[in-house]
Structures are given as structure tokens and as C-alpha cells.
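Structure first, commentary second.
The values are calculated or read from the model by the stated rules, or taken from the named source; none is laboratory data. Remember, predicted model here, so these are calculated numbers, not experimental data. Virtual Cβ from ideal backbone geometry, glycine too; neighbours counted across all protein chains shown. Heavy atoms of the whole protein, side chains included, go into the accessibility calculation; ligands, DNA and RNA do not. Shrake-Rupley method; radii C 1.70, N 1.55, O 1.52, S 1.80 Å.
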Amino acid sequence: MLRRSLVVLMGISCLVLQGASIAGAQHGPLTDHLIGPGAWGNVQLVSQLRVHDAEPDGIADVSVFKNYAYVSKWGAADCAGPETGGQKTPDGGAYVIDLSDLAQPKEVGFIATSQDTLVGEGMQGLTLTTSAFSGDVLVMNHEQCGKNGKGGFSLWNITNPLKPVKLSEHAGDITSNGANNTPHDVNQYHSAFAWDAGDKAYLIASDDDENVDVDIFDITNPKKPITASELDLNQYGIQQPELGLTDSFLHDMVVKQIGSKFIGLLSYWDGGYILLDVTNPYAPVFISDTDYPAVDPELLAQTGTSLSPEGNAHQDEFTSDNKFAITTDEDFAPFRLTVTTADGTFRAASGTNTTTAQATAIAGTTVFVGRACPGDPAVPPAPAVGTQQIAVVERGLCLFEEKAQSVLAAGGWDAMVIMNREGADACTGVFTPSLTAAIPTILIGRDAGFAMFNKTYDNAACVDSTPQLAPITIGTLGDPILGVASQFDGWGYVHLYAVNSAVTQLTEVDTFAIPEAMNPAYATGFGALSVHEVATEKEDATRAFLSYYAGGIRAIQIRCTSPTNVSTCRLAETGGYLDPRGNQFWGIETFVRDGVTYAVGSDMDDGIFIVKRT
């Protein structure tokens, strides 16, 4: 699906230098990350900055606005924040970095969040000129990492970046599936995006806490956000259950004015990529969605293996001329797992805390232990039966990490299985749960969980219903897991969609992945080789940059052999940057200064790296 010039291939061949001796590696042992030659191709490193309190996995997204970069603090290793001089350091917030001198960026401030409150992919700076407010605004999404965490989104006046002023904090939805939250906590948002629509302004956010997960707010007065509308886009039949793609929910989005309309491009995980007309945010109009093909095209092209796709629509952007959309599927699991019980073989996915070897070693007695959330009935100790005791928990209500800690606290459990929940964004779908607890973990579909405990499963009822607890008594023994098998299916990759002139349809014309991501030799020991985000260039509609986690920053270009036939267009890599000490890039943002295109990548363990296209 992709072709590279000789010079780029030569650069890529230098990426794995495990025998090299490099002092002060920022990511720990070099065997844990893909490492590289620095810059290659048409990319040049300009500078880098390590934030003052950098630590592993501490940084998330980045937004570049005017002469400043705003970098998300994703949280400290201790969610409550370590003590520093008798004061707790903030768990989340935004580092403010002065980019006036690109060769010497400077950290000049920090906007802190509430305790146990993080900022992820919803960092954005923009100018609002509404009937109620005129100035520069910083948008921050909020996710919770502890008992005191708060959700929603916050808006800050950054007209003077050195003296930010709070406009509103923790605004958002306080309902879940039609009922008011008790207490009236605001739902958490994984991402948020705002736009100026003249004398009005609006914000769209991804609601993590309910199926009605598209929340749109009127922020014309950013001090008093007002709910405009809520939607569950699964009502438009965007799932593909025939491919097992039913874990369908809003993850990320952009909104862009195209002609007289404001069009949202939404990443809806297994539901694909969606066009949504938000010209009237009080009554959004569904336009269309993409479908994944029956066979994963990039895996087939690079390995010859024919498997169904995994979905995982993560993030997207229109090109500057609106002729294309470049999108990224995020996948942290390069191996496809299958679980075998007496009732058959079912799809599964391993947790981020679990190696393939640990996952495939899971076999033995299964016991249902409920949701395993704080406030729920306690997880019972593991029974002394069989060779392995496997706790089966139900997805829902609390964090996966909290479930794992409840299981560990009960004692005696050798592994944990998470069974998916009911609801339009769940059921038979599987994905990689994020957790760090020291217990091997896999996630299975609800159909597999019901079969394990000999319960009748109705997929139509599951998809249509409000999430309900499984009709299984805590402590019930299920069918034993006879084995877990794995098959290499690659990491997440990039899609190129052609956008028709009416902006009503997305047609896939190509896919792209770095070669290491489709090579089983790099499946373990080299870090996460999934793409994460794309940032299209402002002045050249054919070009974009990618943040590729441990794969570094990659520059790509759309190349067409016929200027009038989009089916001839392909994505080609033109250069990149990967530090000799390794990287772990989350965010990527492009900007233009003095006619030169730059990109800023946020390294999760370090800070920012600034590169330019030469």
C-alpha cells in the first residue's frame, strides 16, 4: 500500500540500534523502545524541551496557538500527586511553553487542574469573538484519576498567556442515560473541540460515562456554557457486528467550516469515521459514516495475512483543501487473542499490563466476581479449585485499574477477565483495556462471558439496551478457560479518505503503516508502534505529520498519479524524527512561521520536540 524512496528506507534501516551505548536514555532500557538516527528525509530537528517535572507517561496532547504551546499534563505516577516542600504537585493541567524563539523554547507557566483531575486529548487554543466575549481561549478536557477527580471541560482566558484567567471550570453533562447523576458529578470527557461561528461559539466533547456520548455546548459566553444537544450516533446503524465491530463510541473529533456549513469529522472507534453537520448545534444532522472492509487492507498488503479489521477509529483531520481526510486507528495489541472454552472460541484482547506470553498462559477455573467497583459487593477470595483461579469482572461504572485492585485485594487470583457490558457501544466488541496492576488481564465480549456462565445471550437486546448488570450471581463458577491463543495482526495505522465535493461521503483510497508496525519481529520489546494522531499542514494540502508513539514523528505526503482521479492517490513517507534515546509521542501539531512549516510533538515521558519540514 505504500512505497518509499531509497533514502527513507536507508533511514528506517537505522532505527534499531540496540547495541548502542547512549547515556541518560529518557525512556529507560533501550530494549523497551524503538530507537533511531534522529532526523531523516525532509525533516529536521529544531529544538526540544523537557518539562520541569517530567516523568514516565506524564504528558498527553499538545496545542500550538500563536507563539505558545500548551501541553497536557496527563498525571503523576501517584494520582494524588507527590509531596514537594509540603505541597502537593498538581495531578493534571497545562504546561505553557513560549515558542517565540523556536531554537530555545521556554517553559513559562502552568495552569493546574483540580486534584485527581487530568487533561488528555482535549487541549486546544483558539480565538473567540462572540457577542459575549472577545479574546483567546484555552480548552481543556478532564478525566478522573482518583476519588477527588472532577470531569467536564474547563475554559481559560489566555489573551495574556502569562496570566491565564479562569472563565469556567468543570462544565458539562451531569446526566447518564437520561437520569441525573447522584451526586451531581459532571461526566468525564476524553476529548473536546471548540469553534467560533461568528457571534456564537460552540464546543463538542466525548462523554465517557454514557451511550449518549456526543455532547455539544453553546459557549458563546464561555463563563456560562449551555447544553445545546446530545446524541448517540449508534442510532444510525454505524456498527458492523458481522465483523465483531460493536465497541462503538465517540473518541475524538474536529469541526471545520466548509462553505456555508460547519462539518464535524468524528472518530467513533468501531463505528468508523462520521460526518456530522453541526451548522445548527442545537439540531445536528448525521450525514454518513465509513465502513471497515471485510479484510484488513494494510495487514494484507504488508504481510499477506487475511484477517478482519479491528476498528479503533481514533483521531482525524481534513486536509487544508478539504479534498481528503487523514485518519488514525489506534491499536496497542499487535496480537489477536482467542479464548477457548467448552462453548467455542471467542475474540479477546490483552490489557496494557499484560504481555502476550502472560495472556496465552491464562487457563483454568473462572469465577464471576461482579463489577468489582468501589461501593459494589466485595470480590470474594479465590476458591481453592483447579490450577489457576480466574476472576471474571463485568465492565462498567469504574476504572479498569480499580477493578484490578479490588481483585488483587481479595487475594488468591491468578488472572482477570473483563467481560464487556451491555449498550450500543459495547457487547461483542473487544479492545485493549488500560491498566497497570500486576495481574494478567484480558477482555472478552459479552457473548463470550454469557456462554462461559451458561446464560442466554441476545445481541440485538444487548446493543439496544441501557447497560444492565449481568444476571450472574457473584461467586458462580463458569466454564474453565481451556486456552488462549494469539496471532499477529499488527499495530494501529493510517487511512486516507477522499471527500466528495458536497462533503457527504468519505471513500477510502489508501492506508499507511510504518514497516515495523506490520513486522512480528517488532511486536514486543520496541515500545508501542501504533499511530496516535495526525496533523495536516496549513499551506500544503498534500502533506501531514503523524505522532507514532515509539515510532517517532513521521512526515507523509499524498501523491496522486492522476490529478483528477482520487483512486490513484497514495500516502508516502517523506521523512521523520526518532531520537537515539527513543521517543513516545502522543500529540502532534503543525504551524507555519515565516513561510516554513513546523511540527511540535509531545513526548509522554519528556516534553516537546520541534521539527521542521525542509
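General remarks:
- Members of the range 424-452 that are under 24 Å from Leu231 (Cβ atoms) and outside any helix (DSSP H, G or I): Ala424, Asp425, Ala426, Cys427, Thr428, Gly429, Phe431
- Condition check for Val430: touching a Leu at 6+ places or on another chain (Cβ under 8 Å) and open to solvent by less than 30 Å² (accessible area, probe 1.4 Å): yes
- Members of the range 123-140 found to be part of a loop (DSSP other than H, G, I, E, B) and of a type in the set (A, V, I, L, M), listed by number: Met123, Ala132
- One residue alone among Gly135, Gly149 is at pLDDT 95 or above and in contact with a Ser or Thr (Cβ under 7 Å, 6 or more places away or on another chain), and that residue is Gly135.
- Residue in the range 476-489 that is in a loop (DSSP other than H, G, I, E, B) and open to solvent by 30 Å² or more (accessible area, probe 1.4 Å) present: yes
Condition check ((1) modelled with pLDDT under 95; (2) touching a Gly at 6+ places or on another chain (Cβ under 7 Å); (3) polar (S, T, N, Q)) across all residues:
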{"residue": "Arg554", "(1), (2), (3)": "no, yes, no"}
{"residue": "Gln557", "(1), (2), (3)": "no, no, yes"}
{"residue": "Cys560", "(1), (2), (3)": "no, no, no"}
{"residue": "Trp586", "(1), (2), (3)": "no, no, no"}
{"residue": "Val592", "(1), (2), (3)": "no, no, no"}
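- Qualifying strands (runs of 3 or more DSSP E) (wholly inside the range 233-319; at least 1 residues being more than 28 Å from Pro515 (Cβ to Cβ)): 252-258, 261-267, 273-277, 285-289
- Pick from the range 438-475, criterion open to solvent by less than 50 Å² (accessible area, probe 1.4 Å) and among the hydroxyl-bearing types (Ser, Thr, Tyr), ranking: nearest to Gly396 (Cα to Cα): Ser465
For (1) closer than 22 Å to Thr328 by Cα; (2) within 18 Å of the chain's Cα centre (by Cα); (3) buried (at least 19 other Cβ atoms within 10 Å of the Cβ), each residue gets a yes or a no:
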residue: Phe217; (1), (2), (3): no, no, yes
residue: Asn221; (1), (2), (3): no, no, no
residue: Gln239; (1), (2), (3): yes, no, yes
residue: Gly272; (1), (2), (3): yes, yes, yes
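- Close pairs from the range 262-287: first without any contact (Cβ under 8 Å) to a residue 12 or more places away in the chain and among the β-branched types (Val, Ile, Thr), partner open to solvent by 10 Å² or more (accessible area, probe 1.4 Å) and outside any loop (DSSP other than H, G, I, E, B), Cβ under 6 Å, at least 6 apart: Val285/Asp277
Residue-wise test of (1) open to solvent by less than 40 Å² (accessible area, probe 1.4 Å); (2) in a loop (DSSP other than H, G, I, E, B); (3) touching a Ser or Thr at 6+ places or on another chain (Cβ under 7 Å); (4) acidic (Asp, Glu).
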{"position": "Ala349", "(1), (2), (3), (4)": "yes, no, yes, no"}
{"position": "Asn353", "(1), (2), (3), (4)": "yes, yes, yes, no"}
{"position": "Ala357", "(1), (2), (3), (4)": "no, no, no, no"}
{"position": "Pro380", "(1), (2), (3), (4)": "yes, yes, no, no"}
{"position": "Val393", "(1), (2), (3), (4)": "yes, no, no, no"}
{"position": "Leu397", "(1), (2), (3), (4)": "no, yes, no, no"}
{"position": "Lys403", "(1), (2), (3), (4)": "yes, no, no, no"}
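- Candidate set: the range 583-614, residues that are touching a Ser or Thr at 6+ places or on another chain (Cβ under 6 Å) and among the aromatic types (Phe, Trp, Tyr); chosen: the one surrounded by the fewest Cβ atoms within 10 Å (Cβ to Cβ): Trp586
- Single match in Phe368, Phe450 (criterion: aromatic (Phe, Trp, Tyr) and closer than 30 Å to Ile238 by Cβ): Phe450
- Out of Gly483, Gly478, sole residue that is over 30 Å from Tyr548 (Cα atoms) and touching a Phe, Trp or Tyr at 6+ places or on another chain (Cβ under 7 Å): Gly478
- Note on the range 287-298: among residues that are closer than 17 Å to Gln240 by Cβ and not hydroxyl-bearing (Ser, Thr, Tyr), the one that is least open to solvent (accessible area, probe 1.4 Å) is Asp296.
- Number of residues in the range 506-526 that are closer than 26 Å to Gly264 by Cβ and either of a type outside the set (Phe, Trp, Tyr) or in contact with a Cys (Cβ under 8 Å, 6 or more places away or on another chain) (or both): the value is 6.
- Meets criteria (surrounded by fewer than 20 Cβ atoms within 10 Å (Cβ to Cβ) and either at pLDDT 95 or above or hydroxyl-bearing (Ser, Thr, Tyr) (or both)) for Pro374: no
- Residues of the range 48-72 that are of a type outside the set (Ser, Thr, Tyr) and assigned to a strand (DSSP E or B): Gln48, Leu49, Arg50, Ile59, Ala60, Asp61, Val62, Val64, Phe65, Ala69, Val71.
Condition check ((1) modelled with pLDDT of 50 or more; (2) surrounded by fewer than 19 Cβ atoms within 10 Å (Cβ to Cβ); (3) not aliphatic (A, V, I, L, M)) across all residues:
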{"site": "Ser13", "(1), (2), (3)": "no, yes, yes"}
{"site": "Ser21", "(1), (2), (3)": "no, yes, yes"}
{"site": "Leu34", "(1), (2), (3)": "yes, no, no"}
{"site": "Gln44", "(1), (2), (3)": "yes, yes, yes"}
{"site": "His52", "(1), (2), (3)": "yes, yes, yes"}
{"site": "Glu55", "(1), (2), (3)": "yes, yes, yes"}
{"site": "Val62", "(1), (2), (3)": "yes, no, no"}
{"site": "Asn67", "(1), (2), (3)": "yes, yes, yes"}
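- Residue in the range 169-189 that is open to solvent by less than 60 Å² (accessible area, probe 1.4 Å), under 20 Å from the mean Cα position of the chain (by Cα) and within 30 Å of Asp98 (Cα to Cα) present: yes
- Across the range 99-111, a minimum of one residue is classified as open to solvent by less than 20 Å² (accessible area, probe 1.4 Å), at pLDDT 95 or above and assigned to a strand (DSSP E or B).
- Pair list, Cβ under 7 Å, 6 or more apart: the range 141-164 residue farther than 18 Å from Phe193 by Cβ and among the polar types (S, T, N, Q), other residue at pLDDT 95 or above and open to solvent by 70 Å² or more (accessible area, probe 1.4 Å): Asn157/Val165
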